[in-house]
1. Select from segment 82-97 the residues that are of a type in the set (A, V, I, L, M) and part of a helix (DSSP H, G or I) and write down the one among them that is nearest to Glu38 (Cα to Cα).
2. Hey, does segment 1-15 have a residue that's in a loop (DSSP other than H, G, I, E, B), of a type outside the set (S, T, N, Q) and within 25 Å of Trp125 (Cβ to Cβ)?
3. Which residue out of Val39, Val20, Val71 is part of a helix (DSSP H, G or I), of a type in the set (A, V, I, L, M, F, W, C), surrounded by fewer than 18 Cβ atoms within 10 Å (Cβ to Cβ) and modelled with pLDDT of 90 or more?
4. Every residue in segment 23-36 that is part of a helix (DSSP H, G or I) and exposed (fewer than 13 other Cβ atoms within 10 Å of the Cβ), please.
5. Kindly establish whether Val117 is more than 18 Å from His79 (Cβ to Cβ), modelled with pLDDT of 95 or more and either out of contact with any helix residue (DSSP H, G or I) (no Cβ under 8 Å at 6 or more places or on another chain) or of a type in the set (A, V, I, L, M, F, W, C) (or both).
6. Which one of these is among the polar types (S, T, N, Q), more than 18 Å from the chain's Cα centre (by Cα) and more than 30 Å from Glu3 (Cα to Cα): Asn59, Asn95?
Amino acid sequence: MSEQRLTTIAEIALVASLGVSLILMFLMVTLLFRKTEEVERRIATRGKQLDSIRIIWGNGPIGRWMRISHVYVFFLFRHLPRIGPRIEARMGDENEALPLSLKLWVIVPFSVYAVSVVLFFFTGWYLEAYD
């Protein structure tokens, strides 16, 4: 492939990843937040970190984003060897097993968002936008 063609592909990827990440962020904070609230309600044990984050950040757009990211981090970090159980114990508990479909409402959109953001910055680096 020629350099010009790679540059064109990178420019398209840059714009597409920016669009996808912004749309997903908006959707997660508005329409998909009901599912995140339900997951949070089930795993945020009284007196633990997820419960205090809900109280501290509230229900505004930034607060919702912080709550979404903390619930995602709960699911992501608890599977780490050695430190995962400590993180899970500090953040909250999954006393009743959550259905996989409910977990996926939090995990999939945020993961796609994270990949889009990484792709955005990587293509910006490739296009030498940071020089």
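The values are calculated or read from the model by the stated rules, or taken from the named source; none is laboratory data. The structure displayed is predicted, hence computed values, not measured ones. Here the Cβ is made from the backbone with ideal geometry for all residues, glycine too, and neighbour counts use every protein chain on show.
1. Met91
2. Initial filter on segment 1-15 (in a loop (DSSP other than H, G, I, E, B)): 1-2.
Add one more test, that the residue is of a type outside the set (S, T, N, Q), and what stays is 1.
Within this subset, residues satisfying the condition of being within 25 Å of Trp125 (Cβ to Cβ) are 1.
Checking segment 1-15: at least one residue is in a loop (DSSP other than H, G, I, E, B), of a type outside the set (S, T, N, Q) and within 25 Å of Trp125 (Cβ to Cβ).
3. Val20
4. Listed by number, the residues that qualify are Ile23, Phe26, Arg34.
5. Yes, satisfied.
6. Numbers: Asn59 fails: more than 18 Å from the chain's Cα centre (by Cα).
Step by step, each of Asn59, Asn95 is checked, and only Asn95 is among the polar types (S, T, N, Q), more than 18 Å from the chain's Cα centre (by Cα) and more than 30 Å from Glu3 (Cα to Cα).
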